[in-house]
Amino acid sequence: MTDPVLYERDDDGIATITLNRPDTRNAISDHDMIEALLDRLEEADRDIDVRVVILTGAGPAFSSGGNLKTMSGPGGLADELPAQTRRNYRYGIQRIPLAMEALEVPVIAAVNGPAIGAGCDLTLMCDLRICSHNARFAESFVKVGIIPGDGGAWLLPRIVGFSKACEMALTGDPVDAEEALACGLVSRVVTSDDLMAEARNLARRIAVNPPHVVRMTKRLLREAGQVSLPTLLEISAAKQALGHATADHKEAISSMLEKRKPTFTGR
C-alpha cells in the first residue's frame, strides 16, 4: 500500500503534508492514517528548520472525514460496547486535535476539494485556511446520525461564530468556497491551478521571519482564546523576554537601521 501521508520539506523550511488516500477521499478515521498524520506533524514540529507546514489532500478531495466503510467494522471507531467506542475516540481520532493544538509550527490548510465532517474539522485545527473554488465544507455529522466527535463543536464557533456554526452543524448542509470566505472560514479563495502556489507564497511570507518568534507568536495567539487578559500579558512578557534575547532580534534591528534584507538563522 502507498504511504497514507506524504511528507516533503523544501529549502525554504516549508514542509508539505499530503493526505494520500484518494481512494477513500483521504478519510482520516482509520488507524494507519491517524498514526501517519500524527507522526508527520510531530516530525515537522520537532524540526526547527521547518518554519511553516502546508496540509493538503491528494486527488480531488481534501478529506471526506470518517471512513464510513470501516468506522463500524472490526478495529473501527464504533463498538457494540459504548464504553469501548468512547475509548476508541479518545485514543484514536481525538488525538489529532490535541496534537494540532500543541503544535508550535504554523499550519496552513490548502483545501483542494471537499472537506467533510472530520475533514472539515481538520481544516479548523489549522491556523490558516485557503481553498480552491472546488472546495466545500460540511459539518455533516448530523447527516449520518452522530455528533462532531473530534472537537468540531469547540473549533467551529470560534472561527465562524455561534450562529453560523449552529447552521452548519444542525443542518449538515455544505458551504461552498465563496460562502466559506464570507463567513471567515477561509481567508482566500483561488483557482485549483493556483492553490499550492498561493499556499507556498503565504508560507514563504511567514517563513522569512525569525522562526522562534513565529512559533511563539502562533502559541500566543492560541493561548489568547483560553486565558484572561492578565494571564495573557504575563505569558507575553515571558515570551517577549525570550524574543529580545535572540540573535534574530538583533539582526532584525540592524537590518532595519542599515536598510538591508535581514537573514534570520533561528538563533
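The values are calculated or read from the model by the stated rules, or taken from the named source; none is laboratory data. Quantities reported herein were computed from a predicted structural model and do not represent experimental measurements. Every residue, glycine as well, gets a Cβ built from its backbone with ideal geometry; the counts of neighbours run over all protein chains shown. For accessibility, only protein heavy atoms count, side chains too; no ligands or nucleic acids. Shrake-Rupley method; radii C 1.70, N 1.55, O 1.52, S 1.80 Å.
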Checklist outcome for this item: Among Ile28, Ile48, the single one that is among the β-branched types (Val, Ile, Thr), modelled with pLDDT of 95 or more and either surrounded by fewer than 22 Cβ atoms within 10 Å (Cβ to Cβ) or in contact with a helix residue (DSSP H, G or I) (Cβ under 8 Å, 6 or more places away or on another chain) (or both) is Ile28
Checklist outcome for this item: With criteria (1) in a helix (DSSP H, G or I); (2) over 30 Å from Ile48 (Cβ atoms); (3) open to solvent by 10 Å² or more (accessible area, probe 1.4 Å), Asn134 comes up short on (1)
Checklist entry - Restricting to strands (runs of 3 or more DSSP E) lying wholly in segment 1-95: which have 3 or more residues that are among the aliphatic types (A, V, I, L, M) and within 30 Å of Ile206 (Cβ to Cβ)? => result 14-19, 52-57
Next on the checklist: Given the options Arg158, Arg200, name the one that is touching a strand residue (DSSP E or B) at 6+ places or on another chain (Cβ under 7 Å), part of a helix (DSSP H, G or I), closer than 23 Å to Thr56 by Cβ and touching a residue at least 60 places away in the same chain (Cβ under 8 Å).
Outcome noted: Arg200
Next on the checklist: Can you pull out every residue in segment 155-200 that is over 29 Å from Thr16 (Cα atoms) and of a type in the set (Lys, Arg)?
Outcome noted: Lys164
Checklist entry - Here are Thr217, Thr263, Thr231: which of them is hydroxyl-bearing (Ser, Thr, Tyr) and either touching a helix residue (DSSP H, G or I) at 6+ places or on another chain (Cβ under 6 Å) or not in a helix (DSSP H, G or I) (or both)? => result Thr263
Next on the checklist: Based on this model, can you work out whether Thr70 counts as touching a residue at least 24 places away in the same chain (Cβ under 8 Å), more than 14 Å from the chain's Cα centre (by Cα) and surrounded by fewer than 18 Cβ atoms within 10 Å (Cβ to Cβ)?
Outcome noted: yes
Next on the checklist: For the structure I just gave you, tell me whether Asp121 is part of a loop (DSSP other than H, G, I, E, B), more than 21 Å from Asp194 (Cα to Cα) and either open to solvent by 10 Å² or more (accessible area, probe 1.4 Å) or touching a helix residue (DSSP H, G or I) at 6+ places or on another chain (Cβ under 9 Å) (or both).
Outcome noted: no
Item to check | segment 82-110, subset open to solvent by 60 Å² or more (accessible area, probe 1.4 Å) and touching a helix residue (DSSP H, G or I) at 6+ places or on another chain (Cβ under 9 Å), residue nearest to Ile54 (Cα to Cα) | outcome: Glu104
